[in-house]
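Student: I am attaching a structure below and will ask some questions about it afterwards.
The values are calculated or read from the model by the stated rules, or taken from the named source; none is laboratory data. Because the structure is a prediction, the values reported are computed rather than measured. Heads up, the Cβs are rebuilt from the backbone with ideal geometry, glycines too, and the neighbour counts pull from every protein chain shown.
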Amino acid sequence: MIILIIVFIIMLMIDLPSVIRNGKKKILIAYGLIFTFSFTICLLLALEINIKSPLMFVDEFYKNILHFSY
Amino acid sequence: MLNKFKKFLFLLMVFILVFTASGCYDIRELDSLYIVTGMAMDKAEQPGLIEVSVQIAKPGALGSGGGGDKKGGGGEEKATIIIDSVKRNVIEALEALRHDSSRTLFMHHNQVLIFGREQAEAGILPYLDASMRDQETRLEVMVLVADEKAKDVLNTEIKAEKYSAVGIRRMVDNKRSISKFFGIDLLTLVSKLTEETTSPLLPIIKIVEEEDLTRLSLTGMAVFKKDKMIGKITEYQLRGYSWVMGELKSGYLPVKLKQGSSVMYVKSSKNKLNTIFKPDGKPIMSMEIEGVFSVGELMGFEEMDTKQIVDELKKGAEQAIRKEIMSCFKSVQSMKADIYGFGDYINKHHPKKWKTLKPQWEELFPSLELDLKIKVEIKDTGKILQSPQMEIGRLS
Amino acid sequence: MNIEKSRISPLQFMFAIMCFIRSSSLLSSFFTPIVNQDSWLVIIFGMIVSLPVLWIYISLSKAFPKSNLIEINDLVFGRIGGKIISAFYLWFFFTLTALNLRDLGIFVGKSTMSKTPPVLIIIVFILLCAWAVYYGLEVVTRYGIVFILISSAILLLSFLVSINIMHRESFLPILNQPLKSYIQGTNIITMIPFGELVVFLMIVPYVDFKQKKLVRYFMGGFLLGGLLLLAVILRDLAILGNTLKYFSLPSFETLRIIRLFDSLGHMEILFAILLIILLFFKVTLLFYISLLALSYWLKIETFRPFILPVAALLVAYSFIMFESSMQQTAFAREIIPFFWPIFEMLLPFITLIVAYIRELPKKNREKEKEDVKV
Amino acid sequence: MFKYINKKLRYGFFRLTEQNNHPPKPEDDSKKTQETLISGNLTADLEYIRKLLGTSSDIKMHEFRYGEDFQLKGALVFVDGLVSNEILTESIMKPLIMNRNLSPFQTSSMQKTLDTVRQTILCSGDITEKYTIGELVESCLSGDTVFLSEGFDKALIISSKGWEKRSITEPQTESVVRGPREGFTENFRTNTALIRRRIKSANLRLDHMSIGEKTDTNVCVAYIDGVADPNIVDTVKARLKSINTDAIMDSGYIEQYIEDHPFSLFPTVGYSEKPDVITARMLEGRVAIISDGSPFVTTAPMLLLESFQTSEDYYIRPYFASLLRIFRYLAFIITVSAPAFFIALTTYHQELIPTTLLLTIISAREGTPFPATLEAIILILSFEILREAGVRLPRPLGQAISIVGALVMGEAAVTAGLVGAPMVITIAITAVAEFAVPDQSEAASILRIIFLVLASVLGAYGIALGFLGVLIHLASLKSFGVPYCTNLTFNHNMQDSYIRMPLWFMSKRPKAIVGQDKTRNKTNTPPSPLSKNSSPEENP
């Protein structure tokens, strides 16, 4: 857990200065969104909260609704 | 300048990750290993249990090379230790061995897997699964069947070799140099077991007690039905089997005739197999065998020149080979064990017909006909053109 | 808005395709148990069936030579439509990268480091890919040729060394399986190694092809890659015979059996390093392409700040994806043959049709002619 | 730990701000003397020069009288040791004093006397006139003699350099079996002469430049106009001008100031001590930088494959040359990965070692106390220290130390059971292999330790990652705009990289570096032996 946080802080230190320096708002928002998204997912993974993977949704969709699999 | 600072941070992150998260899980120092050289499986007294015994190269006596003699104290002290445990399945037994020994077992260099006779008769398939699935056991391990208990085979010393399992492996390799069907590694055994109708053959290893010393010898092969041992074939019949399977690289053929007896070296052998179907659908296996020989030894044959001897030997060799093959074929047919893989051959070459034949293959095989066409060539007669007591005459 | 400054030569593009296909020889356990002794036939069928799919990709990239897949979608479906279709593609690229990452984790776990947790293996690996992607397309594809030459040389060596343990009959009986398994096998192959070439539509504009050379290099790479895959499967089939269907990594199993001399036997670790390097090439290429797609989708001119967050995302994604490797194989056998065609066949085909309906390629060609004249 | 981190941060932050708001350094005060002109009053000028140069013993000021019955007063200022006495006495002092008929001021102006002195009396090729004291001092310090005269407001600078020089000897670092033996010396003019002698073409350019505040070293950029790519030449010149340090002791300084990637392990500027190597590289389109006082001449765009090529490859026949070159590549891979691979084998993948060999290794390592990695690090450290000691000590003693050290210590360590014998053998192989590729020996010794650590943490997987990391790093390097490993990755013609094609076949110069003139020899057909019917007298 702590390692995860340290790693993400270092990632911030690496990318944030260059994102702020060229200052386009679009990049800032995009970077923020992606960073928080990946941070939350990694956090959930680190806390062993299992998240249903999108492929499993597809799997159920094919198997139950379409009954269309080998 | 900044991206240099960024690179430094990136490296810092890499190092933090690699060192904290790693902790080298897989590290195994050399002196924390027991090198397993051989493995044996015997039927334990209680039903359903198996006695797994493992032969380990004793670290202390290993120093055969450098400073070994000082520590090792001469040859008579055994260089291997046997440890065993009785459990329900193989992995459980191996793990049990690990608890009460100071080092972990290293299975990669295991040379030989020997099954005791009772276990072979009871069935070996359930115990192959562990060595196929585990990441450390390898598929080119040689599989053998012991005449009595496999544990004693591992215990006996082989004079020429420090480690008896490596010695056994060398004995099997030596026999395989005659024909590659004499020794079976785990992969061929498993592939034969997957061909439903073929029954695998495993070499039998026997402990021979002469006056003071005990030695090991490979005699004949054990015939398996599905995965249970049902019988044996002798050395003589084994040569017949190798003729049918083809690709005989070396070996000898004794020929007894009225005029004298001779032993011939096999230079090479080729055979072509195909099946002819009789109108009622029953198959006949027709086989052409070509053997190339060279005369090894001649006894008798007075007053005959070389040409007559060679013709006689050709006919004699033909009968000898036919007799060998038929004796093996007959005994195997009596055991209803298709060791030649004829069933699989038909499946491969005539899949549609095999669908109908497969159910009744059990009954069909004992009554299967095998017509043989044998062609013998004698290429040369060794260093001397004719032996002292023979006639001087035409050579060929 | 052309982020990609570095151009690569057509030769590197062709060898990138070959390396891409060759490195999925590890996944042969998807179709070998279905068509055990005819897996080499199924590969040939797969190559034949995926030829029209290739034709769709080539005609798409010839219609719009200067723009990659995301830009093509914007051109063809307008701003909003293009965004949605490209979103599908984006998710597809990310899933592919995560899948391959997961394969690497399992392969290294199974072959060499059984007790190390896969997390560590994948994290160290993705950091290396991030470092390569940081330098751009030129560095990512530079070693394609070297990797292919080394891997083909070693493949030939493994063929020569294992001649004596090969059985001729392990290829018989031919075409003796139920038709359904052939269809399923071919479908899997057209999807896993060959269908994935849709990702190359993203980097076609950055390869300086001279006029019509695109077809020759694209097809050449595909065919040679397919041949290499065929060679690997032939060797595995010849050595393992009918036990091919048991193993989860058949090509790795044959490498364990090959013995150079009677003593130097267990050389699979050297081959494992080679397979890791090939997988590295594939994962880096996929990672680069997904980042490129992301930056074009968001209309941002540089993807460098996103490298590390996306890398972390991929690591997490590759763990959430399946609970077990059996589930992954089952998914690959049953669902992927019906789910991947949406991205690899359907969407490009629709884009092509709509483009021709709106005569965009003709307008595009005239526009280019003006640019040349002006 | 935290003090270090925030120092780092402040340092990083400081470098950020420092760039954009500090004015360049204030003007140096020593430039002020540039303006003071020669006053004509001899004693005052000499006094001023004395004040400037201080009372160092080797600066000589010789006053004498010359001209018709010795009315004219003159003075010669020179640095004893830099000036060759023979030139000073023969071609300067003797004519001035012996020439009697120079009457003072009877002819019109001071300029005419100066001209007559310059043209008729002084017999020396290179004489210039200077006005300011600063220039006088400068040229006097660089070995010329300054001739001042009473009443003249100009001075004559007579070039009289002639200090003791080292003769041209065979360089120690790059000894060859076959090929020219001469090497560069510390003297600037000899080096340029050595290059001139080898390339007699007219378009060989030697552009002069002087770098360094205090040392003011002469640096010349040598290239062949047409063969060298113009913008590479311009980048080299621009980077040389941008160096603003006070001293250039050796071309190594220049190398570190102008290289592309100062943080990279691999050098991106090549150097050599042999003129035939430098000229061969210049003919391939590179730019050479000769600096005064250093026998090493650096060549600008460097490729990775340069460090695997030696001059001898081109003098011997192609088969053996290619074989040697392949051995060099193997040697480099061995020296980098051998210890790491041995560690990976003995601690992670014991199955690769054949059974009998494994059992002997176990018995050899039976008593050793250290784990394999620690053992390897100890051995590598001791090997590096031994090598350094061997180099630093005087020649005969050095060789003895390194050989004795290696043998005795290795043997004793094994018998004492401290170290396993196989490990010592591996380290010995690594040590020997490292000398096969001298140019990359710094990179090799650092990479070896990185690979060792990776192997001990991740086993063979770590080695694969390390190998890929190095490949990525190499692919990202550029040397003066030319990608670092161009010819090694099969995208340009591979005629001279892993193997050397026969000379007559290599008709094109390497594409990545060369300017316009791309062809070396007209045809690439093999040299056909003289046909029989060609008349014998053609070649005696």
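Student: Report yes if some residue within the range B:194-217 is of a type outside the set (Phe, Trp, Tyr), touching a strand residue (DSSP E or B) at 6+ places or on another chain (Cβ under 6 Å), closer than 30 Å to B:Ile82 by Cβ and within 14 Å of chain C (Cβ to nearest Cβ); otherwise report no.
Tutor: Yes, some residue in the range B:194-217 is of a type outside the set (Phe, Trp, Tyr), touching a strand residue (DSSP E or B) at 6+ places or on another chain (Cβ under 6 Å), closer than 30 Å to B:Ile82 by Cβ and within 14 Å of chain C (Cβ to nearest Cβ).
Student: I've got another one for you. Give me a count of the residues in the range D:227-265 that are among the hydroxyl-bearing types (Ser, Thr, Tyr) and in a helix (DSSP H, G or I).
Tutor: 4
Student: Just one of (1) of a type in the set (Val, Ile, Thr); (2) buried (at least 20 other Cβ atoms within 10 Å of the Cβ); (3) modelled with pLDDT of 90 or more trips up C:Ile154, so point out which.
Tutor: C:Ile154 satisfies every listed condition except (2).
Student: Filter the range C:333-369 down to the residues that are closer than 18 Å to C:Phe77 by Cβ and not in a helix (DSSP H, G or I), then identify the one that is nearest to the other protein chains (Cβ to nearest Cβ).
Tutor: Among those residues, the one meeting the criterion is C:Arg358.
Student: When residues of the range B:370-396 are filtered for being out of contact with any Ser or Thr (no Cβ under 9 Å at 6 or more places or on another chain) and modelled with pLDDT of 80 or more, how many remain?
Tutor: The number of residues fulfilling the criteria is 6.
Student: From C:Leu60, C:Leu75, C:Leu101, grab the single residue that is part of a helix (DSSP H, G or I) and at pLDDT 90 or above.
Tutor: One residue alone meets the criteria, C:Leu101.
Student: State whether one or more residues within the range B:114-134 are surrounded by 15 or more Cβ atoms within 10 Å (Cβ to Cβ) and within 14 Å of chain D (Cβ to nearest Cβ).
Tutor: Checked the range B:114-134: no residue is surrounded by 15 or more Cβ atoms within 10 Å (Cβ to Cβ) and within 14 Å of chain D (Cβ to nearest Cβ).
Student: Taking only the range B:31-61 into account, find how many residues are among the aliphatic types (A, V, I, L, M) and farther than 19 Å from B:Thr137 by Cα.
Tutor: Matching residues across the range B:31-61 total 3.
Student: What is the one condition in (1) assigned to a helix (DSSP H, G or I); (2) facing chain C (nearest Cβ under 9 Å); (3) within 13 Å of the chain's Cα centre (by Cα) that A:Leu33 does not satisfy?
Tutor: Of (1) assigned to a helix (DSSP H, G or I); (2) facing chain C (nearest Cβ under 9 Å); (3) within 13 Å of the chain's Cα centre (by Cα), only one is false for A:Leu33: (2).
Student: Would you please list the contacts, defined by Cβ atoms under 7 Å and residues six or more apart or on different chains, that run from a residue in the range C:235-246 that is at negative phi and at the interface with chain B (Cβ under 8 Å from one of its Cβ atoms) to a residue that is in a helix (DSSP H, G or I) and β-branched (Val, Ile, Thr)?
Tutor: Close Cβ pairs satisfying both conditions: C:Leu240/C:Thr254; C:Asn242/B:Thr194; C:Thr243/B:Val190; C:Thr243/B:Thr194.
Student: Moving on to the next point. Just one of D:Ala193, D:Ala238 is without any contact (Cβ under 8 Å) to a residue 60 or more places away in the chain and closer than 20 Å to D:Asp276 by Cβ; which is it?
Tutor: Just one listed residue meets the conditions, D:Ala193.
Student: How do the helices (runs of 4 or more DSSP H) wholly within the range D:100-217 filter down when requiring 2 or more residues that are assigned by TED's automatic domain parsing to the domain that holds D:Ala280 and surrounded by 19 or more Cβ atoms within 10 Å (Cβ to Cβ): which remain?
Tutor: Output list reads D:188-198.
Student: Does the range C:193-214 contain any residue that is under 20 Å from the mean Cα position of the chain (by Cα), modelled with pLDDT of 90 or more and farther than 28 Å from C:Pro65 by Cβ?
Tutor: no
Student: Got a sec? Which of B:Asn155, B:Asn110, B:Asn174 is assigned by TED's automatic domain parsing to the domain that holds B:Val190, touching a residue at least 60 places away in the same chain (Cβ under 8 Å), surrounded by fewer than 21 Cβ atoms within 10 Å (Cβ to Cβ) and of a type outside the set (Asp, Glu)?
Tutor: Unique residue meeting the criteria: B:Asn155.
Student: Let me ask something else about it. Just one of (1) away from chain B (no Cβ under 12 Å); (2) among the aliphatic types (A, V, I, L, M); (3) not in a loop (DSSP other than H, G, I, E, B) trips up C:Leu264, so point out which.
Tutor: If we test C:Leu264 against (1) away from chain B (no Cβ under 12 Å); (2) among the aliphatic types (A, V, I, L, M); (3) not in a loop (DSSP other than H, G, I, E, B), just (3) comes out false.
Residues checked against (1) out of contact with any Phe, Trp or Tyr (no Cβ under 8 Å at 6 or more places or on another chain); (2) touching a residue at least 60 places away in the same chain (Cβ under 8 Å); (3) more than 30 Å from C:Gly241 (Cα to Cα):
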position: C:Leu51; (1), (2), (3): yes, no, no
position: C:Thr97; (1), (2), (3): no, yes, yes
position: C:Phe107; (1), (2), (3): no, yes, no
position: C:Leu128; (1), (2), (3): no, yes, yes
position: C:Val140; (1), (2), (3): no, yes, yes
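Student: Tell me which helices (runs of 4 or more DSSP H) are completely within the range B:127-228 and hold 2 or more residues being of a type in the set (Ser, Thr, Tyr), or say none if there are none.
Tutor: Fully inside the range B:127-228 and qualifying: B:186-194.
Student: A follow-up question, please. Please work out if C:Leu291 is within 14 Å of chain A (Cβ to nearest Cβ) and part of a helix (DSSP H, G or I).
Tutor: yes
Student: Return the pairs, sorted by first residue and then second, in which the second residue is of a type in the set (Asp, Glu) and in a loop (DSSP other than H, G, I, E, B), the first residue lies in the range B:291-308 and is closer than 13 Å to B:Gln259 by Cβ and assigned by TED's automatic domain parsing to the domain that holds B:Lys270, the beta carbons are less than 7 Å apart, and the residues are 6+ apart or on different chains.
Tutor: Listed pairs, sorted by first residue: B:Glu303/B:Glu391; B:Met304/B:Glu391; B:Asp305/B:Glu391.
Student: Condition first: surrounded by 20 or more Cβ atoms within 10 Å (Cβ to Cβ), at the interface with chain B (Cβ under 10 Å from one of its Cβ atoms) and more than 12 Å from D:Ile449 (Cα to Cα). Now tell me which residues in the range D:361-379 satisfy that.
Tutor: The answer is D:Ile361, D:Ile362, D:Ser363, D:Ala364, D:Arg365, D:Thr368, D:Ala372.
Student: Evaluate the range D:427-444: report whether one residue or more is part of a helix (DSSP H, G or I), within 14 Å of chain C (Cβ to nearest Cβ), surrounded by fewer than 19 Cβ atoms within 10 Å (Cβ to Cβ) and not charged (D, E, K, R).
Tutor: Within the range D:427-444, not a single residue is part of a helix (DSSP H, G or I), within 14 Å of chain C (Cβ to nearest Cβ), surrounded by fewer than 19 Cβ atoms within 10 Å (Cβ to Cβ) and not charged (D, E, K, R).
Student: For the range A:38-55, how many residues are part of a helix (DSSP H, G or I) and within 7 Å of chain C (Cβ to nearest Cβ)?
Tutor: Summing the residues that are part of a helix (DSSP H, G or I) and within 7 Å of chain C (Cβ to nearest Cβ) in the range A:38-55 gives 5.
Student: Can I ask one more? Can you tell me which residue among C:Ser251, C:Ser324 is within 14 Å of chain A (Cβ to nearest Cβ) and under 23 Å from the mean Cα position of the chain (by Cα)?
Tutor: Selected residue: C:Ser324, the only one of C:Ser251, C:Ser324 that is within 14 Å of chain A (Cβ to nearest Cβ) and under 23 Å from the mean Cα position of the chain (by Cα).
Student: Checking B:Gly38 against (1) in contact with a helix residue (DSSP H, G or I) (Cβ under 8 Å, 6 or more places away or on another chain); (2) at pLDDT below 85; (3) of a type outside the set (Ser, Thr, Tyr), only one condition comes out false. Which one?
Tutor: It is condition (2) that B:Gly38 fails.
Student: Any chance the range C:99-110 includes a residue that's within 14 Å of chain D (Cβ to nearest Cβ), among the charged types (D, E, K, R) and crowded, with 22+ Cβ neighbours inside 10 Å?
Tutor: no
Student: Among the listed residues C:Tyr135, C:Tyr89, identify the single one that is facing chain D (nearest Cβ under 10 Å) and touching a helix residue (DSSP H, G or I) at 6+ places or on another chain (Cβ under 7 Å).
Tutor: C:Tyr135
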